[in-house]
Structure formats: C-alpha cells, structure tokens
Amino acid sequence: MVNKKNLSFYPHKIIGEGGKKYLYNGITSSLYQMDDISDKILKNNTLGIENESKYKEALEFMVQNFIVKTKENETALEELYNKVADSRLVVNPTQVILMISQDCNLRCTYCYGGDGEYNNKGFMNYKVAKRAVDYLIKHSNSDKLGICFFGGEPLMNYALIKKIVAYAKEIECKTDKKFAFSMTTNGTLINKEIEEFIISNKIATTISIDGDEGVQNSNRYYANKKGCYDEVVKNTHNLRKTNLLSARATISPNNLNLLSSIEHLISLGFRKVAWAPAINMMTSRDVEKMIDSQKNVISKVEELINSGNIEEAKKYGPIMSLLKKVNADGIRIRACGTGINMIAVGIDGDIYPCQRFVGVKQIKLGNVFEDLPCSNSEFYSRIDIRKISKCSDCLSKNICLGGCPQEAYESDNNINIPSKALCDYNNETLIQILKVYINLDGEMKERLFG
C-alpha cells in the first residue's frame, strides 16, 4: 500500500464535465483528463492505491508537467520565465500607435484619456508623425510593420492620416518594408471621402460603439449630452459591408446585458466585436451581473460552435481569444505586447508602452527625436507576472497575467495591483471557457484554430 503523501501543488482546477474529471494547470494553461489515482494525489489522499508503480507513474507525470511543486520545478520554472523575460527586454516594435489627436468631439462617461486629451491637448504635426514612422523602421527587425491612428478622435486630424499613409507607401516603393494600417475611431466624422480612403488603403478600422441606441447614447455623447448612435450607424453603413470594420464595446453599468449588446452589433454587420469592462465604474453588484452576462455570451458561442456556425462564433472576439490561449498552452510572462512589440507616440514625440499610458511621464520610454532605442527594462520588469504577488496562486495567472497594467495604474496608481473585481471576472470567465474547450472535438479545433 502506498503511504499518503503531503504534496504541494501549483494553481489548478478540477473540472467535472460529461461524467469525467479534467485538470486545468494554471502554470501552463494545459488540460488533462484525470484518472482515480491522479485525483487522489491532488487530494493528498493515497489510501486505497494498491498499485505503487501506477502511483509513481502518475506522480512523475504531474511533476514533469508543473502540477506538483518541487525544488527542482521551482528552479526549472524560474529558468523558463527568465528565458522568456530576457527575450523581451529589448524593444523590437512592429507597430507604432500614433496619438494624432489628443482631443475628442465626444465626452464618453468612462474615458480613461481625460476627454481624449491624455494630459496634453492638441494635434500631432507631420514632423512628429514622420519621425515616429522613421523611428519604427530604424528600431524594428521586421519588414512587416503596422501604423495605428489613435486618439482622442483621430479623424479630427484626418489630413495627417492622409499624409502618413502616403509617406508609408513611398517607403514601400523604395524598400522591402510593408505597412498595414489600422485606426480606432468613434465613427462620428466618417464621410464619403474618408470612407473611400479607408477602403482604398485597407485600413482595418475599429468603431467604438457599445450596443443599441439606448446603450450607446447613455455612454457616448457630445458635450451637449446628445447621443451619437444615429450618426455612427449612418456613417458606417457602407463600411460595414466590407471586411474592414470591427466594433469595440465598453461594458459599463448601462450595458450589463452584454449578450444583447454584442448580438445587436453583430446584426449591424461588424465583422468582429470586442468588449472590455470599465471596472472603475462598477459596484460589486454590477460585477456580479457582468459575470453572469459574460457566461451567457460564452453559452451563445458554444451554441454556435456546436451547430457548426464557426464563422459566426469567431465574431465574438474575446471569447475566441481565450479559447486560443487555452489551445496554445505554454508559459507566458506578460499580458500583451505593450512596450515590447508595440509603442505609442504622443503629440510631442514622447514614446510610451501603449496608447493608454500616453501622458503618464513616469512611464515614458523615450522620444522619437532621440537616436537611441527606447528602453523598457524597468517598465517590463514591473509587469512581469512574477512581480505581481496577488497573481502568484491565481488560477488565471497564465491567461490574464495581471490584466491591463494601465487599468491597475488608474485604479490604484500601481501597475502591480490588479483589481479584485477584474480578477473575479477573469476567473469565472476562465472556468466557463474551459468547459467549452473540453467539449471541442478535433474537427472543431481545426476549424476554430487551424
């Protein structure tokens, strides 16, 4: 008989589905079907295990796959994390986000940029924008580069967009560099000329829109409190027939019925819909409602997958992103490419890790008029998942990786303290995602991720 073992384990979750038990590994995002022996090991109760060789085999598997904590595993994990971290300490941007307008024509209730001004109201000029593109080319190892037009409301500076697209195309003619263009806009200023420009230059455009007329107008309105839904829908009518237009919704107390909002946006013809919560606006009760609403969205996506409507399911962007992360297991160390493969440039040429940090001088990485490459070592070391103590034993640590550092900074002036409400939202979402993933067969996975 095998004696009871007092083992320690890394973050994990046992999920019962279809009469079977599965183990989710919070370190690598891997999923394993469990047998009785592994179940007993996880419960530190090996009484009744008669076959010692099978016990040792199961235990060895759990050690090798970072389920059981050992001194050797702690050392091996540190080496793996260091390897990933060291490969990211040098900024190798493949995309520059140009804050071409630090001003906006709307006054959205949850704007993190201070009415789009980001602590410095104004418009970027051609000299700064051109220099930012040159900086990207000089300090990137990639021949495929991206330019994103952002704000505020970028179309308030449409003339500059035209000049930069033209400049990038001149570079393409002279070099082996290729540019992809993108833009995030509220859609209120799109007219026929801009529409044709977006289409002819294949500018992947994201429209900030939260849902139907009531939801949109309660959150996104002009200074006189007039809502903008009608203008946005009218202005994007033709673009929604192309494959260039996506939507992004912000979840607020005004649109906690998330499924209704997302289905409305999909019905309008957006090729994909993304969403994210404005946690700082929510009460604990709001968060509970949001979690329940997210579960309804996940159930809808599962229903679409099971009915074979894969293309429709892919329109639910965040759900697909989470399923892909579970499918592509492995150790991760940071939440996104902020300050690593993307940089944001403010109207004065200052470089920041991403558009959300523009204007936060403490997190400035450099300036496009400086010859030296910008350094992210201090910033990057701070968003390393190992530096976020709150995440050390969290089930979702390898999926959300502490969440958006700017959101943490905004709520607590510290990029290393994620919001508890966001943690609850992410954990509950992950469990539902895992149940969906467990039920995917090989053909479904190929169609979803192949």
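The values are calculated or read from the model by the stated rules, or taken from the named source; none is laboratory data. Predicted, not measured: the structure shown is a model, and the values here were computed from it. When we count neighbours, we look across all protein chains shown, and the Cβ atoms used for this are built from the backbone with ideal geometry, even at glycine. Note: accessible area is taken over every heavy atom of the protein model, side chains too, but ligands, DNA and RNA are not part of it. Shrake-Rupley method; radii C 1.70, N 1.55, O 1.52, S 1.80 Å.
Quick one: is Cys354 crowded, with 19+ Cβ neighbours inside 10 Å and not basic (Lys, Arg)? Yes; evaluated as a whole, the condition is true for this residue. When Ile203, Ile199 are screened for being of a type in the set (A, V, I, L, M), open to solvent by less than 10 Å² (accessible area, probe 1.4 Å) and touching a residue at least 12 places away in the same chain (Cβ under 8 Å), only Ile203 passes. Of the residues Val133, Val128, Val63, the single one that is among the β-branched types (Val, Ile, Thr), open to solvent by 20 Å² or more (accessible area, probe 1.4 Å) and in a helix (DSSP H, G or I) is Val63.
Does the range 280-287 contain any residue that is closer than 25 Å to Pro418 by Cα, open to solvent by 30 Å² or more (accessible area, probe 1.4 Å) and not in a helix (DSSP H, G or I)? Among the residues of the range 280-287, at least one is closer than 25 Å to Pro418 by Cα, open to solvent by 30 Å² or more (accessible area, probe 1.4 Å) and not in a helix (DSSP H, G or I), which makes the answer yes. Asp393 meets all of the listed conditions (1) part of a helix (DSSP H, G or I); (2) of a type in the set (Asp, Glu); (3) under 27 Å from Tyr22 (Cα atoms) but one, namely (1).
The number of residues in the range 222-267 being under 30 Å from Thr429 (Cβ atoms) and either at pLDDT below 95 or of a type outside the set (Phe, Trp, Tyr) (or both) comes to 31.
When you scan the range 78-89, do you find a residue that is crowded, with 18+ Cβ neighbours inside 10 Å, modelled with pLDDT of 90 or more and not aliphatic (A, V, I, L, M), even just one? Checking the range 78-89: not a single residue is crowded, with 18+ Cβ neighbours inside 10 Å, modelled with pLDDT of 90 or more and not aliphatic (A, V, I, L, M). Any residue in the range 418-446 that is of a type in the set (Phe, Trp, Tyr) sitting within a Cβ distance under 8 Å of a residue that is assigned to a helix (DSSP H, G or I)? List the pairs, counting only those 6 or more apart or interchain. Qualifying pairs under 8 Å: Tyr425/Ile279; Tyr425/Val287; Tyr425/Met290; Tyr425/Ile291; Tyr425/Gln294; Tyr437/Leu323; Tyr437/Val326; Tyr437/Asn327.
Annotation note: Cβ proximity below 8 Å between a residue of the range 323-335 that is charged (D, E, K, R) and a residue that is open to solvent by 40 Å² or more (accessible area, probe 1.4 Å) and in a loop (DSSP other than H, G, I, E, B) (sequence gap 6+ or interchain) occurs for Arg334/Arg88. The C-beta contact set for the range 145-165 (first residue among the aromatic types (Phe, Trp, Tyr), second residue open to solvent by less than 10 Å² (accessible area, probe 1.4 Å) and not in a strand (DSSP E or B), distance under 6 angstrom, 6+ apart or interchain) comprises Phe149/Ile161. Only a single item in (1) among the aliphatic types (A, V, I, L, M); (2) touching a residue at least 60 places away in the same chain (Cβ under 8 Å); (3) within 23 Å of Leu31 (Cβ to Cβ) is not met by Val297, and it is number (2).
Assessment of the range 19-36 against the conditions (out of contact with any strand residue (DSSP E or B) (no Cβ under 9 Å at 6 or more places or on another chain), loosely packed, with under 11 Cβ neighbours inside 10 Å, modelled with pLDDT of 90 or more and not polar (S, T, N, Q)) yields at least one matching residue.
Screening the candidates Asn217, Asn186 for the property of being surrounded by 17 or more Cβ atoms within 10 Å (Cβ to Cβ), under 27 Å from the mean Cα position of the chain (by Cα) and without any contact (Cβ under 8 Å) to a residue 60 or more places away in the chain yields one hit, Asn217. In the range 156-173, is there at least one residue being open to solvent by 10 Å² or more (accessible area, probe 1.4 Å) and either closer than 18 Å to Gly317 by Cβ or within 25 Å of the chain's Cα centre (by Cα) (or both)? No, the conditions are met nowhere in the range 156-173. Restricting Lys40, Lys54, Lys69 to those that are surrounded by 14 or more Cβ atoms within 10 Å (Cβ to Cβ), farther than 29 Å from Leu136 by Cβ, in contact with a helix residue (DSSP H, G or I) (Cβ under 7 Å, 6 or more places away or on another chain) and basic (Lys, Arg) reduces the list to Lys54.
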